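Contents: one structure, followed by commentary.
The values are calculated or read from the model by the stated rules, or taken from the named source; none is laboratory data. This one's a predicted model, so the numbers in the text were calculated from it and none came from an experiment. Every residue, glycine as well, gets a Cβ built from its backbone with ideal geometry; the counts of neighbours run over all protein chains shown.
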Amino acid sequence: MKTSRLFPLLVNTIPIIGFVIFFLLYVVNVPWFDDFEALSGFFLEFLKSKTWAEKWHWLIVPNNEHRMATGKLITVLVYYCSGFLDFRWIQGLANFSVIVIWGLLLLTFRRFKLSYWYFLPLTLILFQPQYYLLTFWSITGLQHEPLLALVLLTLYVLALRTRLSFPLALVLGLITTFTMSNGMFVWLAGLGVLLLRRRFREVFIWAFGMAVGITGYYYNFPYSGNERSFGKFLQMPHLSVSGFFTYMGGPFDFFPSMPEPWRFVLPTLAGLVIMWIAVRWFIQQFWPLIRYYFQPSIDPQESTFVQDFLLGGMLFLLINAGVIAILRPHFGYFVMLISNYRLYPLLFLCLLYLAWLKGQKGVSFSPAPLIALGVLFSFLSYFNYYPLVVERRKLLLTNAFNQYHSNIGLAATRGTILEPYIIWAFKEPIKMGVFQPPVHFFDEALKKIRRLKTFL
């Protein structure tokens, strides 16, 4: 690679290195809420299981409406490689999925034959702390980050159209389905791409794979109970419509501490603009194909890989956004901007940026304004979300201390049916010597306080 191309690629790694340092500074080996059932509790049951059938049961049993076999396998992998149940390593491996996502986007961008300076805005958008509740929370990180990496990998392979790519995409689709419940949307996204390209033989095979995957996912699945969510949607459908745009504009939620409803204004307006650009791109790229769909096909003059990959990724993210907008306002409108979901609209923004860049024939403009916007985006994100990360670390350290000494703090409140389970899931790995939470973090400070009391 020529030096002129290598240098901007190296500059692209600076936001990644900064993000990794940021993660290492604030990650703590502490489980929180759903981590106890899905990870710590699973881990203990998995180790106790004497047969592979029992171990398989604990891998695929649903936790809080979701099967997350991939995340549980990562947890087991951390234990067998390190000898510990270490939530720092679990979160680190989950966050590595974002680098995988970046790599797939980079491979797609390389086909544009542009300078890597044009890719830098995307890197700046992707590696920042808006999705800190994925970065620093084990269960959400394991659910969403590997899922998005697997979704993009599935659609990337599907778009390649080589001899082995289609069967590999089928296998990846099945793995994605059991990574998280919304992983099954990858089948719909892939189906859209296959239908658009009139790959009819593969459509039937893909539909069969979808049927197998979804049937397997819901086999012996407990009732999810979304009546209240659908009831809310039927009573107030306008919340779902506006919520969709608020959700899609989530990357522009630069002021998370702003009171409601003012916090929702900028993201909602941004979501409208983002969807307007996306619809325009879709019409320009695919309307001719749809309009003349039943006429004899003409082989495209150039590879359709980029179009198909971007379309598949956007379809998945739009389907997911629609489901969130329908089912989640029941919990409160603020959920449209919750940090757990932020990586999805951020990824949509990245794909839309690549689509826009691909549509610029003979790019002759300087990347400097785009980089400046990327830097501004990153600065506003770090400036407004960094304090939330700092406070969350303090909260986890304090509550870990309380959980260890008072059996309360990291999950259930006193007197609930979950309280004994949380105590067991927290203290049993400590007794086994495989879990070392920072429960002695405040020991030195307490010693000083005791000395001061004695002196007084």
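Do we find a residue being over 13 Å from Ile324 (Cα atoms), within 21 Å of the chain's Cα centre (by Cα), in a helix (DSSP H, G or I) and of a type in the set (Gly, Ala, Ser) anywhere in the stretch 213-228? Yes, some residue in the stretch 213-228 is over 13 Å from Ile324 (Cα atoms), within 21 Å of the chain's Cα centre (by Cα), in a helix (DSSP H, G or I) and of a type in the set (Gly, Ala, Ser).
Is there a residue being crowded, with 19+ Cβ neighbours inside 10 Å and among the aromatic types (Phe, Trp, Tyr) anywhere in the stretch 178-186? Scanning the stretch 178-186 turns up at least one residue that is crowded, with 19+ Cβ neighbours inside 10 Å and among the aromatic types (Phe, Trp, Tyr).
Picking from Thr246, Thr215, which residue would you name as being in contact with a Phe, Trp or Tyr (Cβ under 6 Å, 6 or more places away or on another chain) and of a type in the set (Val, Ile, Thr)?
From the options Thr246, Thr215, the qualifying one is Thr246.
Among the criteria (1) in a loop (DSSP other than H, G, I, E, B); (2) more than 30 Å from Ala270 (Cβ to Cβ); (3) among the hydroxyl-bearing types (Ser, Thr, Tyr), the one Tyr421 does not fulfil is (1).
Against the definition (more than 30 Å from Leu114 (Cα to Cα), in contact with a helix residue (DSSP H, G or I) (Cβ under 7 Å, 6 or more places away or on another chain) and among the hydrophobic types (A, V, I, L, M, F, W, C)), how does Ile371 come out, yes or no?
no
Quick check on Val335: is it closer than 30 Å to Glu391 by Cβ, of a type in the set (A, V, I, L, M) and at pLDDT below 95? It is true that Val335 is closer than 30 Å to Glu391 by Cβ, of a type in the set (A, V, I, L, M) and at pLDDT below 95. Checking every residue in the stretch 252-265 against the condition of being out of contact with any His (no Cβ under 8 Å at 6 or more places or on another chain), modelled with pLDDT of 90 or more, aliphatic (A, V, I, L, M) and more than 24 Å from Phe178 (Cα to Cα) gives at least one match. Only one of the numbered conditions (1) of a type in the set (A, V, I, L, M); (2) farther than 28 Å from Asn402 by Cβ; (3) buried (at least 17 other Cβ atoms within 10 Å of the Cβ) is not met by Ala94, and that is (2). When residues in the stretch 180-204 are screened for being assigned to a helix (DSSP H, G or I) and closer than 16 Å to Ala159 by Cβ, 13 of them pass. If you go through the stretch 103-156 and keep only what is of a type in the set (Val, Ile, Thr) and surrounded by 22 or more Cβ atoms within 10 Å (Cβ to Cβ), you end up with Thr123, Thr135, Ile139, Thr140, Val151, Thr154. Being modelled with pLDDT under 95 and either touching an Asp or Glu at 6+ places or on another chain (Cβ under 8 Å) or over 29 Å from Ala169 (Cα atoms) (or both) is a property that does not hold for Ser297.
Reported count of residues in the stretch 352-367, each being in contact (Cβ under 8 Å) with a residue 24 or more places away in the chain, among the hydroxyl-bearing types (Ser, Thr, Tyr) and loosely packed, with under 13 Cβ neighbours inside 10 Å, is 0. In the stretch 216-232 there is at least one residue that is touching a residue at least 40 places away in the same chain (Cβ under 8 Å), among the charged types (D, E, K, R) and surrounded by 13 or more Cβ atoms within 10 Å (Cβ to Cβ). Each residue in the stretch 305-335 was checked for being small (Gly, Ala, Ser), in a helix (DSSP H, G or I) and surrounded by fewer than 18 Cβ atoms within 10 Å (Cβ to Cβ), and 1 pass.
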